[in-house]
Each structure stands twice: as structure tokens, then as C-alpha cells.
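Worksheet: one structure, shown below.
Derivation of every value follows stated rules applied to the coordinates shown; laboratory data play no part. Computed from a predicted structure; not experimentally measured. No Cβ is skipped: glycine too gets one built from the backbone with ideal geometry, and neighbour counts run over all protein chains shown.
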């Protein structure tokens, strides 16, 4: 199978609810040269520090989540589960699956689940 590269000027990376995790992903994309900051978008965040953080490395901060939804519309337009869409664009031995593999090796999903459980437990303790 021949794998064709996708020119960075043909797509934009967008974040909705862009917190520290989104900032880390965006910074990684910029630092690694995967995308220039001009190809990354996020919506205005309620925390002014988040806006400042994104703008500090050149990411465009938009006025609403609707402005970021272009790529996310694939899910609603195709009716496919996001996992299926991921599988559709993930080449065996390619960059996406390599990144996903690193997330899984680091226990990414487990870490997210543990964070939710810990927050819920603490919420019960405080109430």
C-alpha cells in the first residue's frame, strides 16, 4: 500500500473546550513541525489564561465553538462512530497509530478514567 502524505495546508486542527490537554497537543504539533500554529484553531475559553496560552505560540482563538466544528462535522455527517473514523484514517505502521500506541503505553485512557473517578470521589467527600 502506498501512503501519501497530507499537505499541512489542506487541513486545520481545531479544539473545542480547549484546556491544558488541548494546549499540550497543539504545542506538540507546533514544536514537532507537524502543523504551523496558523493551521490550529480553538474557541474562546472561559479562562483568560487559556486564551493567552494559546495565543502565546500563535494559535488562532475564535469567538465560538461553532467556528471550530468544521472537522467535527464528519462524525455527524457520516453517522460513523469516532472510533471507526479513526480506524478509517489510521494506516498500519503510520504516524497516527504510532501516536495512539504511545498514548496507550502511557495509560492515557486509564489516566483519564482515574481522574474522573478521583474527582467524583472527592466531590462526594466534600458534600
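Report yes if residue 98 is over 15 Å from the mean Cα position of the chain (by Cα), within 20 Å of residue 28 (Cα to Cα) and not in a loop (DSSP other than H, G, I, E, B), otherwise no. I'd like the intermediate steps shown before the answer.
Numbers: over 15 Å from the mean Cα position of the chain (by Cα): yes; within 20 Å of residue 28 (Cα to Cα): yes; not in a loop (DSSP other than H, G, I, E, B): yes.
It is true that residue 98 is over 15 Å from the mean Cα position of the chain (by Cα), within 20 Å of residue 28 (Cα to Cα) and not in a loop (DSSP other than H, G, I, E, B).
Does any residue of region 89-103 turn out to be within 21 Å of residue 11 (Cβ to Cβ) and touching a helix residue (DSSP H, G or I) at 6+ places or on another chain (Cβ under 6 Å)?
Yes: region 89-103 contains one or more residues that are within 21 Å of residue 11 (Cβ to Cβ) and touching a helix residue (DSSP H, G or I) at 6+ places or on another chain (Cβ under 6 Å).
Please list, ordered by residue number, the helices (runs of 4 or more DSSP H) wholly in region 34-91 having 1 or more residues that are in contact with a strand residue (DSSP E or B) (Cβ under 7 Å, 6 or more places away or on another chain) and surrounded by 11 or more Cβ atoms within 10 Å (Cβ to Cβ).
48-56
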